[in-house]
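Trainee: One structure, as structure tokens, below. Some questions next.
Laboratory data are not the source of any read-out in this text; all were calculated from the coordinates shown. Keep in mind the model is a prediction, meaning the values are calculated, not measured. Virtual Cβ from ideal backbone geometry, glycine too; neighbours counted across all protein chains shown.
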Amino acid sequence: MLFLRTQASRNGRKWLAWLLLALGIASIFHAFNELSFYLDFPHLIRLNWGLPLIFGPLLFLYVRQLTQAEVKLTREDFRHFSPYLLNLILLLPFFLQEGESKIQILDYFTAIITRGMDIYRPYYYLLQIGIALWGWNYTLKCLPLLRSYRKRLLANYSDIEKRQLNWMESIVYGFMGLFVLFVISLALNFTTTYPDFDHEQYFYLGSFALVYWMTFKSVKLEGNMAPSQAEVTSSSNTTKLLDVDTKQKDQLLAYMREEKPYLNSELTAVDLAKSLGLTRHQLSQILKEQVGKNFYDFINTYRVDAFKSHLEDPAFSNYNLLGIALESGFKSKSSFNAIFKKVTGMTPSQYKKGLAEQ
């Protein structure tokens, strides 16, 4: 429950904590889903029904808080949990029954002849389908948030290696697959009155694996996420086009050529705009309309050119490839290799070999 503290709630960790808690409760109920357990605790019968309805919304709220800094929960956000609340209302008549009555209804575990007496059995299968559809819907909602976040990163930062959330997109796709598996498991269990193996446990095992992966990544993200909302806000939020001209583009290119700001591995769009006496939105508009690149590609193209130049400079003859890359403004080996191959279509080693053969 450490994540629920105020300081640990940063970057949506509180939603991750609630997701872990909900998943834990649902899994415990699932593990003890047998008649002998409910004979001792009849008032726990069906309390877990519909609990996976909140998995998708909690995942969505976590991703939203992760990608949109300082987003506050509003009353409208409670609608995400309305299906689960509706489920509780529909089950209320059952919850209000005596324990003995609940046990009698639960006889379908041991006697098929009484299974038809349970009016909630058809509802149970409809609920499971609803869980899958609701979860699928919310995992789909996560993808535009992640893509928008990446677009903002590319517009604001020259190095995004420790800020990007590609791993989160993989987790979202993983949850989409699990909700499909949930429906398949339901179908497999439905075809047999008393299945020898409960296929739904794959859903819970898979969910635990993904959530603990998220927890591990969330801890590693501390201090590396994109900073304030002001810096990460997309220029697309500006409805009014700013007044930019070719002179400002020429000023930008001259500054890049003479001052070489790209050698600063921490360079951001805000930093470059201030140096030029422009707003970040003006810089973004110049890059988009007159240069045809986002900030990330624009800066790293200069770094690649600097690396090529240094590679042929005798002053750098004692440097290895990584050393030259760091001198060219790159921050790490992995980002350098990926960017260089993207720009040139070959690895740095292949490029160096090609120079030697000329």
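Trainee: Each residue of region 326-333 in turn: what ³J(HN,Hα) in whole Hz from Karplus with 6.51, -1.76, 1.60 and θ = phi - 60°, glycine and Pro shown as x?
Mentor: 5, 5, 8, x, 6, 9, 8, 5
Trainee: Could you list which residues have their amide H under 5 Å from that of TYR157, counting only those 5 or more apart in sequence or on another chain, with H placed in the peptide plane?
Mentor: Excluding prolines and chain starts, which carry no amide H, the hits are ALA269, TYR296.
Trainee: Right, something else. Among the listed pairs LYS162/LYS249; LYS14/LYS342; LYS162/LYS353; LYS293/LYS333; LYS141/LYS220, which have their C-alpha atoms separated by more than 27 angstrom in this model? Present the calculation step by step, with values, prior to reporting the outcome.
Mentor: Details: LYS162/LYS249 30 Å; LYS14/LYS342 37 Å; LYS162/LYS353 30 Å; LYS293/LYS333 23 Å; LYS141/LYS220 25 Å.
Correct reply: LYS162/LYS249; LYS14/LYS342; LYS162/LYS353.
Trainee: Please state the charge dipole magnitude for region 231-357, taken about the Cα centre, from unit charges on C-beta atoms (+1 on K and R, -1 on D and E), reported in debye and rounded to the nearest 20. Mind dumping the intermediate values first?
Mentor: Numbers: 17 positive and 15 negative charges, 73 e Å.
I would put it at about 360 debye.
Trainee: Continuing with this model, one more query. How large is ³J(HN,Hα), in whole Hz, for each residue of region 249-254 in order, when computed from phi with the Karplus curve 6.51 cos²θ - 1.76 cosθ + 1.60 and θ = phi - 60°, using x for Gly and Pro?
Mentor: 3J(HN,Hα) across region 249-254, in whole Hz: 5, 4, 4, 4, 5, 5.
Trainee: Need one number: nm distance between label points at LYS341 and VAL219, each 7 Å from Cα along Cα→Cβ, rounded to one decimal.
Mentor: Inter-label distance under the simple model: 3.0 nm.
Trainee: Going from the alpha-carbon gyration tensor of region 231-357, what semi-axes, largest first and in whole Å, does one get by taking the root of 5 times each eigenvalue?
Mentor: Equivalent-ellipsoid dimensions as semi-axes: 31, 14, 13 Å.
Trainee: What order do you get for 16-29, 54-67 when each peptide is scored by the mean count of other beta carbon atoms within 10 Å, highest first? Write down the numbers at each step before the final one.
Mentor: Numbers: 16-29: 18.2, 54-67: 24.5.
Listed from highest to lowest mean packing, they are 54-67, 16-29.
Trainee: Follow-up question, since we're still on this one. Extending each Cα 7 Å along its Cβ direction at VAL180 and LEU85, get the distance between those two points in nm, one decimal.
Mentor: 3.3 nm
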